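**Student:** Quick one: structure below, then a few questions.
The values are calculated or read from the model by the stated rules, or taken from the named source; none is laboratory data. From a predicted model like this one, the values you see are computed outputs, not experimental measurements. Backbone-built Cβ (ideal geometry, glycine too); neighbour counts: all protein chains shown. Quick note on the areas: whole protein, heavy atoms, side chains included, nothing else; ligands and nucleic acids left out. Shrake-Rupley method; radii C 1.70, N 1.55, O 1.52, S 1.80 Å.
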Amino acid sequence: MSATVSFQVASPHGPRSVTVDYARVGNGEPLLLLHGIGHHRQVWDPVVDILAAERDVISVDLPGFGTSPGLPDGLAYDLATTTSVFGAFCEAMELDRPHVVGNSLGGLIALELGREKLARSVTALSPAGFWSEAERRYAFGVLLAMRHISRRLPLPLVEQLSRSAAGRTVLTSTIYARPGRRSPDAVVAETLALAQATGFDQTLGAGRAVRFTDDIPGIPVTVAWGSRDRLLVRRQGVRAKQIIPRARLVRLPGCGHCPMNDDPALVARVILDGSR
């Protein structure tokens with residue numbers, strides 16, 4: 001069941017109102033789920049029910065993605081602003097330092113929330129920000145191509161392709177190692193989410209200079225990487241471990257860039273183990 005919350009975020013020109021759409025289910029310690037660029041909160045659906053048996057699970061649409069409106073004038077789509085947005089979101093939701101889990105861009109935001117001491121643990125699945133410049137250019141080129149294709153494909157063709165495993169492979173094999181496991185409805189919805197994401201271009205532009213370079217002392221950190229990640233290659237996980245030496249580095253065999261759908265049981269176990 002989706003809901004909406006609005007709250008104030010400071011800007012150089014005074015407070016601005018931000019609205020975020022989210023879904024909440026389960027019981028236990030709070031667990032905040034953050035998706036990647038161009039995606040939406042439904043990417044977590046394969047693991048939500050497993051997590052909700054032990055956690056109070058809050059999955060959100062980042063501003064300008066899914067059904068969350070874009071950021072208002074005066075707020076940039078950069079990492080510092082997004083971190084402030086989710087600090088204010090947690091305050092508005094009365095979440096006292098939740099466990100934070102993120103994938104790709106969401107993983108980078110989760111790590112930044114941990115660095116700012118706004119999370120009680122962090123689990124980052126293929127997080128952005130540990131790339132070389134060549135790796136970043138490659139990833140951004142792939143993302144731009146995916147965005148271009150999603151905006152050019154007529155909806156009837158997307159729906160037709162989604163009905164077969166081969167068609168779902170054409171649409172989603174960049175981010176899933178096992179695209180045939182994604183449901184047709186989910187593939188259509190996330191193709192539309194990528195095409196319609198109002199925050200995509202500004203978020204991608206702000207990411208060009210991003211590197212995550214700081215340790216995160218004092219809280220549990222897990223970094224997990226799919227062995228078949230085609231977008232952010234897995235050697236970036238080794239760099240993450242060098243930067244955050246106390247982090248637990250986990251390999252996700254047979255998983256792609258968005259591993260939640262490739263192996264829900266494994267990913268849920270990694271998240272639950274990392275958020276104890």
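**Student:** Pop out the carbon and sulfur fraction of the accessible area of the chain as a percent, whole number, probe 1.4 Å.
**Tutor:** Numbers: 6050 of 11540 Å².
About 52 percent, which is the carbon plus sulfur part of the accessible surface.
**Student:** Between I58, I109, I50, find the one with the highest GNM mean-square fluctuation for the chain; connect C-alpha pairs within less than 10 Å.
**Tutor:** Of I58, I109, I50, the most mobile in the Gaussian network model is I50.
**Student:** OK, next. Looking at the square roots a ≥ b ≥ c of the eigenvalues of the Cα gyration tensor of segment 174-276, which shape do they give, rounded for a/c under 1.5, prolate if a/b is larger than b/c, or oblate? The partial results should precede the final answer.
**Tutor:** On the way: a/c = 2.01, a/b = 1.26, b/c = 1.59.
In terms of gyration-tensor shape, oblate.
**Student:** Quick check: net charge around S132, other residues with Cβ under 11 Å of its Cβ, Lys/Arg +1 and Asp/Glu -1? Could the numbers behind the result be given before it?
**Tutor:** On the way: positive: R136, R137, R211, R235, R239; negative: E133, E135.
Spelling it out: positives minus negatives among the neighbours equals +3.
**Student:** In square nanometres, what is the average projected area of the Cα convex hull of segment 66-216? Provide the component values of the computation, followed by the final result.
**Tutor:** Working: hull surface 39.7 nm².
So the mean shadow area of the Cα hull is 9.9 nm².
**Student:** Averaged per residue, what accessible area in Å² does the chain show with a 1.4 Å probe, protein chains only? Intermediate values should be presented prior to the final figure.
**Tutor:** Working: 11540 Å² over 276 residues.
Ligands and nucleic acids excluded, the result is 42 Å² per residue.
**Student:** Another question, then. Among DSSP beta bridges whose residues both lie in segment 12-101, state the antiparallel percentage, nearest 5. Walk me through the numbers on the way to the answer.
**Tutor:** On the way: 5 of 14 bridges.
So the antiparallel bridges in segment 12-101 amount to around 35 percent.
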